[in-house]
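The values are calculated or read from the model by the stated rules, or taken from the named source; none is laboratory data. Everything numeric in this text was worked out from a predicted model, so none of it was measured. Here the Cβ is made from the backbone with ideal geometry for all residues, glycine too, and neighbour counts use every protein chain on show.
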Amino acid sequence: MSIRVTVWNEGRHEQKHPAVQKVYPNGLHQPIVDHLNANGFTARAATLDMPEHGLTEEVLDQTDVLTWWGHMAHGDVSDEIVERVHQRVLLGMGLIVLHSGHYSKIFKKLMGTTCSLKWREADEHERIWVVNPGHPIADGLGEYFELPGHEMYGEFFDVPTPDELVFISWYPGGEVFRSGLCYHRGRGKVFYFSPGHETYPIYYQQEVLQVITNAVKWAAPSGAAYRLDAPNAKPLETLKKREE
Ligand code: ZN
């Protein structure tokens, strides 16, 4: 069965800003959904303004990996849905957090830190270095790839030290940024990937789509079926009574 992906998008910039509408006439999620569906995945979109933000129990039951893009309306995401997504991640659902999703409620909850970073909108080209060439998320990439123009995201990025670091970005203004980070939370895998400012056609770029595709495969549920609800355990061996 193909990996089932729900591509979540806040979807507000596309409604309010003509410049964003021009780049993403069908929403910022659409090129990601189209690319995944064309490459053997089963992808669908969900947006903030849908009932339950499009993340009903039924949708999550059919989601192996959730991707998350949000920016101007993090506060409009209901705590109940954040809690629901958080539980799903701990139970094994993959989560890929994109760009300004670093400040989403779900990412901050999973990280436990402020997730703050430096930023600047100065149309800089970004060079993204692969610093973990054997990692599955770097499959098919060269030593680096570039975004012709992007927003700068710089260190210090206040997140826990990642379990694996895959990309580091460099900018002409001098900053660097850990732009591809892997975490394990419970049984779930979480990948943060920084490209995707809404005014640039970044989600049409081949290398970016390749990374998202690789990350979906990496983050898909795997591993042993442990219970995470603190079960009382019967001994596997016969226990001797301790002598008084
Ligand atoms: Zn941005």
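Which one is farthest from E198 (Cα to Cα) among residues in segment 17-32 that are among the β-branched types (V, I, T) and surrounded by fewer than 21 Cβ atoms within 10 Å (Cβ to Cβ)? Walk me through how you get there before you give the answer.
Initial filter on segment 17-32 (among the β-branched types (V, I, T)): 20, 23, 32.
Those left that are additionally surrounded by fewer than 21 Cβ atoms within 10 Å (Cβ to Cβ): 20, 23.
Details: V20: 6, V23: 8 Å.
The residue in question is V23.
Do the conditions hold for R120, that is, is it within 16 Å of the ligand (Cβ to nearest atom) and without any contact (Cβ under 8 Å) to a residue 60 or more places away in the chain?
On the way: within 16 Å of the ligand (Cβ to nearest atom): yes; without any contact (Cβ under 8 Å) to a residue 60 or more places away in the chain: yes.
The answer is yes for R120.
Scan segment 132-149 residue by residue and report those that are of a type in the set (D, E, K, R) and assigned to a strand (DSSP E or B). Walk me through how you get there before you give the answer.
Narrowing segment 132-149 to residues of a type in the set (D, E, K, R): 139, 143, 146.
Hit for segment 132-149 is E146, nothing else.
Would you mention how many residues in segment 52-65 are farther than 12 Å from V82 by Cβ and in contact (Cβ under 8 Å) with a residue 40 or more places away in the chain?
7
Go over the candidates A122, A138 one by one and state the one that is farther than 22 Å from E14 by Cα and modelled with pLDDT of 95 or more. Break it down into steps so the answer makes sense when it comes.
Values: A122 fails: farther than 22 Å from E14 by Cα.
Only one candidate qualifies: A138.
Restricted to segment 173-194, and to residues that are under 11 Å from the mean Cα position of the chain (by Cα) and in contact (Cβ under 8 Å) with a residue 60 or more places away in the chain, which residue is surrounded by the most Cβ atoms within 10 Å (Cβ to Cβ)?
Once the filter is applied, the top-ranked residue is Y192.
Per-residue answers, yes or no, for (1) assigned to a loop (DSSP other than H, G, I, E, B); (2) within 16 Å of the ligand (Cβ to nearest atom):
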{"residue": "L110", "(1), (2)": "no, no"}
{"residue": "T114", "(1), (2)": "yes, no"}
{"residue": "H125", "(1), (2)": "no, yes"}
{"residue": "E151", "(1), (2)": "no, yes"}
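Kindly list the number of the only condition in (1) of a type in the set (V, I, T); (2) within 16 Å of the ligand (Cβ to nearest atom); (3) over 14 Å from the mean Cα position of the chain (by Cα) that fails for V208.
Status for V208: all satisfied but (3).
I need every pair where a residue in segment 88-102 that is farther than 19 Å from T213 by Cα has its Cβ under 9 Å from the Cβ of a residue that is part of a strand (DSSP E or B) and away from the ligand (no atom under 16 Å from the Cβ), sequence separation at least 6 or different chains.
R88/L66; R88/L95; R88/G188; L90/R185; L90/G188; L91/G188
Can you name the residue in segment 33-80 that is polar (S, T, N, Q), out of contact with any Lys or Arg (no Cβ under 7 Å at 6 or more places or on another chain) and buried (at least 17 other Cβ atoms within 10 Å of the Cβ) and is also farthest from T213 (Cα to Cα) among such residues?
Restricting attention to segment 33-80, the residues satisfying the condition of being polar (S, T, N, Q) are 37, 39, 42, 47, 56, 62-63, 67, 78.
Checking the rest, the ones that are also out of contact with any Lys or Arg (no Cβ under 7 Å at 6 or more places or on another chain) come to 37, 39, 47, 56, 67, 78.
Keeping just the survivors that are buried (at least 17 other Cβ atoms within 10 Å of the Cβ) gives 47, 67.
Working: T47: 20, T67: 11 Å.
Result: T47.
What pairs come out if I take residues in segment 212-227 that are of a type in the set (F, W, Y) and pair them with residues that are part of a helix (DSSP H, G or I) whose C-beta lies under 6 Å away, six or more apart or interchain?
W218/P136; W218/I137
Considering segment 118-154 alone, what residues qualify as being within 22 Å of A220 (Cα to Cα) and β-branched (V, I, T)?
First, pick out the residues of segment 118-154 that are within 22 Å of A220 (Cα to Cα): 130, 132-141.
Across segment 118-154, the qualifying residues are V130, I137.
Look at segment 81-107 and say how many of its residues are under 21 Å from P195 (Cβ atoms) and buried (at least 18 other Cβ atoms within 10 Å of the Cβ).
Filtering segment 81-107 down to residues under 21 Å from P195 (Cβ atoms) leaves 94-104, 106-107.
With the extra rule that they be buried (at least 18 other Cβ atoms within 10 Å of the Cβ), the set shrinks to 94-102, 104, 106-107.
The qualifying residues number 12.
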